1. Report the residue, chosen from 27, 101, 115, that carries the largest GNM mean-square fluctuation when the chain is represented by alpha-carbon nodes joined by springs under 10 Å.
2. By how many nm would the segment from residue 73 to residue 126 grow when fully extended, if each residue of separation counts as 0.36 nm and the alpha-carbon distance is taken off?
3. For the chain, what does -39500 (n - 2.57) per DSSP helix run (n ≥ 4), summed and divided by total residues, give at 222 nm, in deg cm²/dmol to the nearest 500?
4. Please build a GNM for the chain, connecting alpha carbons under 10 Å apart, and tell me which residue among 99, 81, 138 fluctuates the most.
5. What's the extension gain from residue 50 to residue 32 if we count 0.36 nm per residue and subtract their Cα-Cα distance?
6. Restricting to Cα pairs below 8 Å that are 6+ residues apart, what does the relative contact order work out to for the chain? Please round to a whole percent.
7. Out of 87, 111, 38, any idea which swings most in a Gaussian network model of the chain, alpha carbons joined below 10 Å?
8. How would you rank 26, 44, going from fewest to most other Cβ atoms within 10 Å of each one's own Cβ?
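A short reminder: the numbers here are calculations on the coordinates, not readings from a lab. Source: prediction; values computed, not measured. Every residue, glycine as well, gets a Cβ built from its backbone with ideal geometry; the counts of neighbours run over all protein chains shown.
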């Protein structure tokens, strides 16, 4: 129970601290790994229920949106980390699920426009083809303003293929 820290080092990713300790009673040395536990906000659903954040649900949402799309596992993991990071940065104890959806849509928009439109169609409850057309027009206008390749048609070569999901 009575130990003394003799050395501390932060891991390369900054997420854990390795501490070298010595037992004052017997002199035995050992290491501990410590991680910071940041509490994520509770998610408030549209029907009024409150749930603890579930990373598996976040992953399932990304997987459904990006099914059979040329997006790598690394890109998906990075997008999920970004969403979780945004959740941690909020100082609110409770966060509407709609806000989480906005974080996800922002990441999907950077990753894959088809995945983004898939997610947006469910998230925003598209009613008909006109809703899809409106969202595609908005994407096209944003791409033109940012100097990106056209979403539909155009003379651009397709992006390189990656592992299909």
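1. Looking only at 27, 101, 115, the largest GNM fluctuation is found for 27.
2. On the way: separation 53, 0.36 × 53 = 19.08 nm, distance 2.80 nm.
Stretched fully, the residue 73-residue 126 segment lengthens by 16.3 nm.
3. Working: 5 runs with 72 residues, N = 165.
Estimated from H runs of four or more residues: -14000 deg cm²/dmol.
4. The residue with the greatest mean-square fluctuation here is 138.
5. On the way: separation 18, 0.36 × 18 = 6.48 nm, distance 3.50 nm.
Between residue 50 and residue 32, full extension yields an extra 3.0 nm.
6. Numbers: 182 pairs, mean separation 30.8, N = 165.
Relative contact order comes out at 19 percent.
7. Among 87, 111, 38, the largest mean-square fluctuation in the Gaussian network model of the chain belongs to 38.
8. Numbers: 26 7, 44 18.
Arranged by neighbour count, lowest to highest, 26, 44 become 26, 44.
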